[in-house]
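This report concerns only the one structure given below.
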Amino acid sequence: MIRLLKTLLYCLLLISPADVLGRLNARKSANEASLYSDTDNVIMLDIESLRPALNLKNSKLVQFLNSFCGDCHRFAPVFKTLSRDLYKWRRILRIYAVDCAQERNAQLCREFNIRQTPSLRFFGPDMRKNDDVLGAVIPGQDPEFISSTLAELVSQNDYGPGQPNFRPLKATDYEIFQDQDGETPIQFVALVLQPKNSKIGRDTLLELLPFKELSVRIIEDSQIFNEFGLGPDDQKLAIVDRNGTAQYLTPSSDSSEAYASTIGDFLKNRNIQPDPPLPIAVAPNFTEFLDHQNQAILTKVLTPPLQVYRADLEQAIDKLLHIELRKWVLLEGNSLNALKNIIKIFRYLNPLNKDGKLLLTDLDNSLSSKQSIKGADFGDLVDSLENGRRVFKARRYVGCIGSRPLLRSFTCSMWTLFHHLTVEAAKPPNYFEAGSILKTFHGFAKYFFGCTDCSEHFQQMAIRRNLTSVKTHDEEILWLWAAHNEVNARIAGDSTEDPKFPKIQFPSAENCPTCRSNDSEWRTDEVLKYLKQLYDINNVSFYGLPTPQGYD
């Protein structure tokens, strides 16, 4: 250890003493990277803060996501634009996001039965009266559909005295400035005639929410105008001040946009201004992410030759055991078989230390006789068997580091792990028959992978590439290699691509000069040789971990 401390690089990579205080606290950082920020009108919540937020007396939109999920990354710009536009609704709607890829949120995402990401859920202002405590699911990623669905949902709720009121005004409700709390900033009330099967009143109300001095009330009978001294005039829009003086307004057309514009101009002419919109978001600065540790790792990883790192293999198994595999409410049938296959493969082919091997052996034995198991119970089983054992010493990605936050990381480590497993399975004593690793990977993708888009693509590829036709271990290694290259080709140039690690057809000519013929065709015999050398456990680097002598 003394020799290790003298080496600057390893000093930077050693485990912090804070790690022993508990997995959850040690992995939570005030500067934790996330897909959203307050300037997007999206507040990131976790298992400690979501419940209190859901009890607030307003409506809530919550996006459950996995920060490693490509589809979540692609949806993020759409959701940011939508959320910023809906900032004008903030009096009645708050927008949140929960990252299910964070270990501390695994239990939370299981409780809300989050099986696909990104997933949008709507919660009303009174959870006690909500028939579905899991929230109303808003499907799809079309911003217009999401916005219109939200408009319908928020308008079905009561927000209490002094708050926006979507209920149609009745003739008996003529005291429109009455406030039970005795205090109100409201100076004007707009009356909007809303014909049957129309939403013009509702949408006008939503558009004008930034004006706190205004209350918009919907009327369904034009005779109500008479209650305010307005004669019949086939008008549809009027405004009343606190003195009871009423007048009709004439919008340019019968649309909520025209109504809102006309009323807004009326108020601005009386020096009443709407709340300002969100400021323009500042481009993120990644310098803090690239601290000394990450800079050192990035420099090392980008320096040839290409290597595989134990830290990434550890991180993949760590995240599986502590996050992905425990998100199901109940595992039985095919999903339980998929779990058992994963654990059994890990038992015999894992790259972990002695404590890790004992953990996986005990876990495999504990699962073998079970006909079903709750995700919560599986999590408790892992935690109890891990207690007292120092299994996972990697606290950061190495070969799977990204040059920016939220790039590469878990998905990279999963690919790396399963490539490694196909190579290890091909070595004596051949614990598993050919194709077992691929079938296990398929089970993981189908039942546990928290990226819905990725899972669906892999399942389709498994059918198209005839995964079940693999007959030898060498074919298994090459099948996964070809499949990975297909994925690389599909997402090359995508917003999820790390500029420092472009999606190429692997391996590059630099890494394996003999893997291609003169006409650039693959020489699969050379590719196979290269893959067996690269992913062999004996060639995996300890960089970022204690030395081999101190690893176990």
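The values are calculated or read from the model by the stated rules, or taken from the named source; none is laboratory data. What you see is a predicted model; the values in this text were computed from it and never measured. Here the Cβ positions follow ideal geometry from the backbone for every residue, glycine too, while neighbour counts run over all protein chains shown. Side chains included, ligands, DNA and RNA excluded: accessible areas come from the protein's heavy atoms. Shrake-Rupley method; radii C 1.70, N 1.55, O 1.52, S 1.80 Å.
Structure notes:
- Note: relative contact order over the stretch 301-381, using C-alpha pairs below 8 Å and six or more positions apart, is 43 percent.
- The structure-derived value of mean projected area of the Cα convex hull in nm² appears in the list (1) 29.6; (2) 28.3; (3) 31.6 under the label (3).
- Listed peptides 190-198, 204-212 by packing density, highest first (mean Cβ within 10 Å): 204-212, 190-198
- Per-residue extension of 0.36 nm, minus the Cα-Cα distance of ASN269 and ARG389, leaves a gain of 36.1 nm for this segment.
- Taken along the Cα-to-beta-carbon direction at a fixed 7 Å, the label points for LEU306 and VAL329 span 4.3 nm.
- Additional length obtainable on full extension of the chain from ARG91 to ASP126, 0.36 nm per residue less Cα span: 11.1 nm
- For the stretch 161-281, the carbon plus sulfur part of the accessible surface works out to 43%, probe radius 1.4 Å.
- Here the stretch 161-281 was treated as a single set of alpha-carbon atoms; its pair distances binned every 10 Å from 0 give 13, 48, 33, 6, 1 percent.
- Computed lengthening from ASP494 to TYR248, 0.36 nm per intervening residue step minus Cα-Cα distance: 83.3 nm
- Legend: calculated FRET efficiency, ILE186 to GLU32, from the Cβ-Cβ distance at R0 = 35 Å, rounded to 0.05, equals 0.30.
- Neighbour cut-off at most 13 other Cβ (10 Å), DSSP loop, GluC sites (Glu not before Pro), the stretch 447-546: GLU510, GLU521
- Per residue, in Å², the accessible surface of the chain once ligands and nucleic acids are set aside, probe 1.4 Å: 48
- Highest average packing first - 97-103, 378-384, Cβ atoms within 10 Å: 97-103, 378-384
- Nitroxide proxy distance, nm - points 7 Å out along Cα→Cβ at TYR431 and GLN156: 5.1
- Mean separation of Cα pairs under 8 Å and 6 or more residues apart, divided by the residue count, gives the chain a relative contact order of 15 percent.
- Taking label points 7 Å from Cα along the Cα-to-Cβ direction, ASP355 and ASP46 give a separation of 2.2 nm.
- Using C-alpha pairs below 8 Å separated by at least 6 residues, the relative contact order for the stretch 381-499 is 29 percent.
- Within the chain, antiparallel bridges make up roughly 55 percent of the DSSP beta bridges whose residues both belong there.
- Helix 310-322 and the longest principal axis of the C-alpha atoms of the chain enclose an angle of approximately 50°.
- Kirkwood hydrodynamic radius of the stretch 392-439, Cα pairs, Å: 12.4
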